[in-house]
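One structure is given below, encoded as structure tokens.
What follows is calculated from the coordinates using simple rules that are stated; it is not laboratory data. This is a predicted model, so every value here is computed, not measured. All Cβ positions, even for glycine, are placed from backbone atoms using ideal geometry, and neighbour counts span all protein chains on display.
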Amino acid sequence: RIDRVLDTNFERPADDTVEALNAAIAGAAAQLPEDGRGTLNFFLNAEKYEGTIVLPEDLLDYGNYEINLIANNRTTIVGGIDLNGSAAVLDALDFVAPADSSGVSALSNGRAQVDRCTFQGYGVAIDANRNTINPRYCVFADNGIAVRLNIYEQYNGSINPWEGNVFINNDAAVQALQLGGMLSPYYLRIVDSNFVNNDVTFDVQCPGTIYFYRNYYGITLRNMTSAEIL
């Protein structure tokens, strides 16, 4: 087994487009041995990408690979990332819904650790419709549903604590349709987060265990924009 597949980090392609980035990620993934494990680090130096970034399909099914998309400063993604059954770590990305945002989520269809990212204007910003997507120190503003959980029933495991997030002016902050748990009830822990001016804070429609610890809930005394609240 290979402890680390690639020690070389990948800078952005010369062509700062989603298409070029997708091709670079797919090219790197095509070199991976099927019985290995490791991390592919892509440092995103471009200020903006428009479209859908698509990760190679099911890297977790034949190995134990993870793709890290890291902004050296901050990078805006107008569109989203299709995790495509794979795993990713995302850091310092600003997700903005495109003008035609029907059916578009910022993140969907896989597993991800998401740190210091922002999400604005989506019908569903994070759609955890396959495995867990764990936000920490993220800001969700002006979305329909900030985070929707619909985890596979066969998924057995816990979740990293959702820590230090801010939910502002969303129709629903957290919606749980299914929390999975093949061997034991799935649980979700939300700590040290702020919920302000959301129409619905928690919409839980399934069994499971949810821990709320040191969270803050509030409304503003007047109709304030998300930027004003921040």
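Highest first, please rank the peptides 19-25, 79-85, 51-57 by the mean number of other Cβ atoms sitting within 10 Å of their residues.
On the way: 19-25: 17.0, 79-85: 21.6, 51-57: 18.7.
My ranking of the peptides, most packed first, is 79-85, 51-57, 19-25.
Looking only at the stretch 85-126, which residues have a backbone nitrogen under 11 Å from a spot 7 Å from the Cα of N150 in the C-beta direction?
Hits in the stretch 85-126 for N150 at 11 Å: 109.
If you project the alpha carbons of the stretch 12-111 onto their three principal axes, what span does each projection cover, largest first, in Å?
Per principal axis, max minus min of the Cα coordinates gives 41, 29, 21 Å.
What are the ³J(HN,Hα) couplings of the stretch 210-224, residue after residue, when phi is run through the Karplus curve with 6.51, -1.76, 1.60 and θ = phi - 60°? Round to Hz, x for glycine and proline.
Along the stretch 210-224, the couplings run 10, 9, 10, 9, 6, 9, 10, 10, x, 10, 8, 7, 9, 6, 9 Hz.
Given 4 °C and 1.567 mPa s, how large is the Stokes-Einstein diffusion coefficient of the stretch 66-172 in µm²/s, with Rh as the Kirkwood radius over Cα pairs? Please list the in-between numbers first.
Values: Rh = 13.6 Å.
It diffuses with D of about 95 µm²/s by this estimate.
Using r as the Cβ-Cβ distance of N45 and Y213, and R0 as 41 Å, what FRET efficiency do you calculate, to the nearest 0.05? Kindly include the intermediate steps, with their values, before the conclusion.
Details: r = 37 Å, r/R0 = 0.91.
For N45 and Y213, the calculated efficiency is 0.65.
Could you calculate the FRET efficiency of T52 with Y137 from 1/(1 + (r/R0)^6), where r is the beta carbon distance between them and R0 is 22 Å, rounded to 0.05? Walk me through the numbers on the way to the answer.
Details: r = 25 Å, r/R0 = 1.11.
Computed FRET efficiency for T52 and Y137: 0.35.
Based on the Cα atoms of the stretch 70-130, what semi-axes does the equivalent ellipsoid have, where each is the square root of 5 times one gyration tensor eigenvalue, given in whole Å with the largest first?
On the way: eigenvalues 55, 49, 13 Å².
In descending order the semi-axes read 17, 16, 8 Å.
What is the distance, in nm, between label points placed 7 Å from the Cα along the Cα-to-Cβ direction at F202 and at D171?
Roughly 2.2 nm, to one decimal.
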